[in-house]
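Worksheet: the structure to be examined is printed underneath.
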Amino acid sequence: MIKAEFSFLEYSYNSAETDIMDIEQGLGDLGFACRAHHRSENTTLWTQDRCILLVRDCPDISNPGITGIGMMSNQFTIESLECEYDETVEMYVTQDCGGNRILLFPESGDGLGDMLDGNYHVNNIEPNDKETGLEYISGIILNCLNARQMDFYQDLGFKFTKSGDRFNTLVSNNNRFIIKVDKSSGTGGIKGVVVDCDDVFVTTSKLHLAGVMLKKFESAEYSEFGGSAHKINGYNCVAQGSSSSYTIENFCISPVVGVDVTFRSRKQYLDISDNLLKIYYE
């Protein structure tokens, strides 16, 4: 049976055109720490809590950004998709019909740990006192070039749950990862990442102190959020829902070259809001 569950994102850049110091500075401001280097020295592993980013130096990249989605899978899926083994990341790779890399590693054993063992040198296991509260990656904003991309992810087990005027929604089989497909874009690629955090207000403060550029929002009426209403406006956040089911969010403008980051706290709110995405990308 073909199946795949989300694990991490791949970020690629060309060191001949983009200064790695700028990328490392941006990741550090977001609260990530570099944990391991691949033996080739072209790939590094960055983490914060359960957020995992594989950062790859690639001479074929003209525009830096998120280039791949890492998933734990089974051998049948890897063989069915006719994946090729990429020694620069030690994983099996295919594409999603829109140019984005799909990186697969077997679900047996320790999964991702087995793939990294022996090929990556762990250089940092110390707690990171500069973490900003980002906990796990819960979604991406995917620019859609063709309908076959939708089919590809559904073949991997994603559920097509909603069609809006601008965005379609795909949800992973375990309901932990959402792909918002932007039908209005004429270009491919992954333009945005959605990350959940425990306290959006604390994370907003830490990112502000780190100098990360946050989008400016107009004040709005949030009476349905009770005691949190004044904090939503006070911390320059936006929200959708009510006090019993909500998402409270903020938006980083290109904290790392080529990618925007939405971070949010939520309660009983399972989707990524189309309305808030339209505000971010209007």
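Side notes on the structure shown:
- Flag for residue 216 being farther than 22 Å from residue 25 by Cα, in contact with a helix residue (DSSP H, G or I) (Cβ under 9 Å, 6 or more places away or on another chain) and open to solvent by 40 Å² or more (accessible area, probe 1.4 Å): no
- Residues being of a type in the set (Lys, Arg) and either open to solvent by less than 10 Å² (accessible area, probe 1.4 Å) or in contact with a Pro (Cβ under 9 Å, 6 or more places away or on another chain) (or both) - total across the stretch 49-82: 0
- First in the stretch 261-282 and part of a loop (DSSP other than H, G, I, E, B), second anywhere and surrounded by fewer than 14 Cβ atoms within 10 Å (Cβ to Cβ), Cβ under 6 Å, 6 or more apart: 268/245; 269/245
- Test: residue in the stretch 170-192 that is part of a helix (DSSP H, G or I) and in contact (Cβ under 8 Å) with a residue 12 or more places away in the chain: no
- Only residues that are among the hydrophobic types (A, V, I, L, M, F, W, C), surrounded by fewer than 20 Cβ atoms within 10 Å (Cβ to Cβ) and over 15 Å from the mean Cα position of the chain (by Cα) were counted across the stretch 237-271, and they come to 1.
- Residues satisfying the stated conditions in the stretch 193-214, i.e. part of a helix (DSSP H, G or I) and over 26 Å from residue 167 (Cβ atoms): 201, 202, 205, 206, 208, 209
- Restricting 131, 135 to those that are assigned to a loop (DSSP other than H, G, I, E, B), modelled with pLDDT of 95 or more and within 21 Å of residue 196 (Cα to Cα) reduces the list to 131.
- The residue list 80, 108 contains one member that is at pLDDT 90 or above, out of contact with any strand residue (DSSP E or B) (no Cβ under 6 Å at 6 or more places or on another chain) and hydroxyl-bearing (Ser, Thr, Tyr), which is 80.
- Yes/no for residue 42 being within 20 Å of residue 253 (Cα to Cα) and open to solvent by 20 Å² or more (accessible area, probe 1.4 Å): no
- The C-beta contact set for the stretch 59-73 (first residue without any contact (Cβ under 8 Å) to a residue 12 or more places away in the chain, second residue surrounded by 23 or more Cβ atoms within 10 Å (Cβ to Cβ) and small (Gly, Ala, Ser), distance under 6 angstrom, 6+ apart or interchain) is empty.
The values are calculated or read from the model by the stated rules, or taken from the named source; none is laboratory data. Note that this is a predicted model, so its numbers are computed, not measured. Glycine also receives a Cβ, built like all others from the backbone with ideal geometry; neighbour counts cover every protein chain displayed. All accessible areas refer to the heavy atoms of the entire protein, side chains included, with ligands and DNA or RNA removed. Shrake-Rupley method; radii C 1.70, N 1.55, O 1.52, S 1.80 Å.
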